[in-house]
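Laboratory data are not the source of any read-out in this text; all were calculated from the coordinates shown. What you are looking at is a predicted structure, and each value in this text was computed from that prediction instead of being measured. Virtual Cβ from ideal backbone geometry, glycine too; neighbours counted across all protein chains shown.
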């Protein structure tokens, strides 16, 4: 059974940093690109970042480029999102998501999300 | 940058009626288009991929169509469990942008 479990969400002050993680099981992690998708309270889905199966290529939405860094540890089956220079509009539930190919494709599995609140 | 636009933002439909949701891409995505359903408090669920292929265990009342820049999701006869928010997403190249969503309400 495919499982994705996010952790690390917290309350952080504007300008602060936070790292969220996603532990996965039930599939060959290194064979699939992964995405982070966020959802602000009462708003729609926003694709945030993606990383290929090998971790060699990373991709970012304009809204987070230069502030967020995605990475993965294929030996431990964990996906990370390092978030720096956080702003109040980064407040959202952050979902970890598995795509269906090594280079990136549609999402077939989602985690339940971890809540990040940026507020003073 | 490619933009995905969904319409309408909200669709009011009675149970048993047909619902037609639209998604438009600012540049061609060929058929690299997925639809997701999200219910309150839940993660999204994949409904349609490749513009028209139903995902595993998705009922036949959900139909996707289109290619290039214009796409449609049709729910032929709305059931109570279908009232939710629906999102399209392109995935031909990164970034895998989502549309703004269509809320289907009673």
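Values for this structure:
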| quantity | calculated |
| --- | --- |
| √(5λ) per eigenvalue of the Cα gyration tensor, chain B, largest first, Å | 21, 14, 13 |
| Label zone at residue A:117 (point 7 Å along Cα-to-Cβ), backbone N below 18 Å, segment A:23-44 | A:39-43 |
| Share antiparallel - DSSP beta bridges, chain B, percent rounded to 5 | 90 percent |
| R0 of 22 Å, Cβ-Cβ distance residue A:19-residue A:54: FRET efficiency to nearest 0.05 | 0.55 |
| Using alpha carbons only: equivalent-ellipsoid semi-axes of segment B:1-41, gyration tensor based, whole Å | 24, 12, 11 |
| Rel. contact order, % - alpha carbon contacts under 8 angstrom, at least six apart, chain B | 37 percent |
| All-pairs alpha carbon distance profile, segment A:53-113, 5 Å steps from 0, percent | 4, 14, 24, 29, 19, 9, 2 |
| Segment B:8-71-segment A:37-101 distance, computed between alpha-carbon centres (Å) | 24 Å |
| Fluctuation leader among A:35, A:63, A:75 - chain A, Gaussian network, Cα springs under 10 angstrom | A:75 |
| Candidates B:34, B:19, B:51, ranked by Gaussian network fluctuation over chain B, Cα under 10 Å, top entry | B:19 |
| Over 27 Å [Cα-Cα, the protein assembly as shown], rounded percent | 31 percent |
| Most mobile listed residue (B:66, B:16, B:41) in chain B, GNM with C-alpha springs under 10 Å | B:41 |
| Three-way shape call for segment A:1-60 based on the alpha-carbon gyration tensor, with the a/c threshold at 1.5 | prolate |
| Tail beyond 21 Å, pair distance distribution of chain A (Cα, percent) | 30 percent |
